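Please read the structure below before turning to the comments.
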């Protein structure tokens, strides 16, 4: 028998070791010469016991199993029993081995292919989610409109509209939308998210409300803001 | 659909895949182009073939698990690695590959089945495969202890360059299967068996 740096580490488990021995001795897996294989297996275990502190329990369980099969096969058979088809004590082990061998062989297929992706590079995704919300018009614009309506109503409750305020709307634009865009953007940049209503806390006129609302719509159109609803409250999110 | 219309769709597919970076579901693409999925698949497959094999761009369209994705062409790897550095190689031990094989053919499957087939504990390799996103939990078996069931992921298909799980080779490539043995076609020849035993005694 070859001399011997028998390392258990090289094997994935007791079945792997057994397959190795079967292959090395060029014997038929369906007709394992149990004495030969058991002896060689035990040699591995003994050798490993000298060097390694610990042999994993699976190897020892298999050793016991092999010795059991060996002893069973060495025992003389009863003549009457021989007539009946007595089960080959090796059968279960052989099935285990064949089952394991199938997967071990097919694992080479995966081993050959495991590095395919290493030769390919992928791009990080663009901000698809932001686009998607905007493109699919999934934003709750109706809620936004409702919220705007409520802001207007509240404002009217607070101040009975005076003649001057109407003049403002009809006349030139007293509150430039551009300025409000900048203002809303500043708020969004610092806070990330604000409730729609809070944008109108300090408004002094209807036209200011309209201007702020237009500013919000402009920002949404230019994909710089999104709308969402949380707990029945409309929020504006920063998108940059 | 005439040639120009087709060209337009193909260009748009390419553009979408570029922006997406990640894999894009075939169903979503079909929806975007307002087509039945079968019809879209036809166009997509022809386009991918043309793109990958006739025109041979620096990019490649890969398909896995009903998704399409742009990747760089493997042949470009040398120059790319000079530009972007080498990718960390996919490092899977033999144990992990064995566990993966068992899962791929038996999914969804419990750890105890895997352990039983391998004859050895599989906790370590299983963890590694989960961390690499190659396998995942697929629910639990309705049995005592409710053990976790494992199955392969789309990432698995991507890593191993497979379009679908059906692309893995047939398992019973071995000439003799367990059934043959059980059917008694391979009965142990008596004489040889005794031979073996007596040889054993001599030793």
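Quick notes on this one:
- The fraction of all Cα pairs in the range A:8-119 landing in successive 10 Å bins from 0 to the largest distance is 12, 38, 28, 15, 5, 1, 0, given as whole percents.
- For the range B:40-168: relative contact order, % (alpha-carbon pairs under 8 angstrom, 6 or more apart): 23 percent
- Listed from fewest to most Cβ neighbours within 10 Å, the set B:93, A:107, A:207 follows the order B:93, A:207, A:107.
- Residue exposure sequence - B:154, B:88 - by fewest surrounding Cβ within 10 Å: B:88, B:154
- Computed over the alpha-carbon atoms, the range B:31-176 gives an Rg to Rh ratio of 1.05, Rh here being the Kirkwood radius from the mean inverse distance.
- Pairwise Cα separations in the range B:3-84 fall into 10 Å bins from 0 onward with the following percentages, short to long: 17, 52, 24, 7, 0.
Values in this text are rule-based calculations from the coordinates and carry no lab data. Quick caveat: nothing in here was measured; it's all calculated off a predicted structure. Neighbour counts are summed over all protein chains in view; Cβ atoms, including those assigned to glycine, are modelled from backbone coordinates with ideal geometry.
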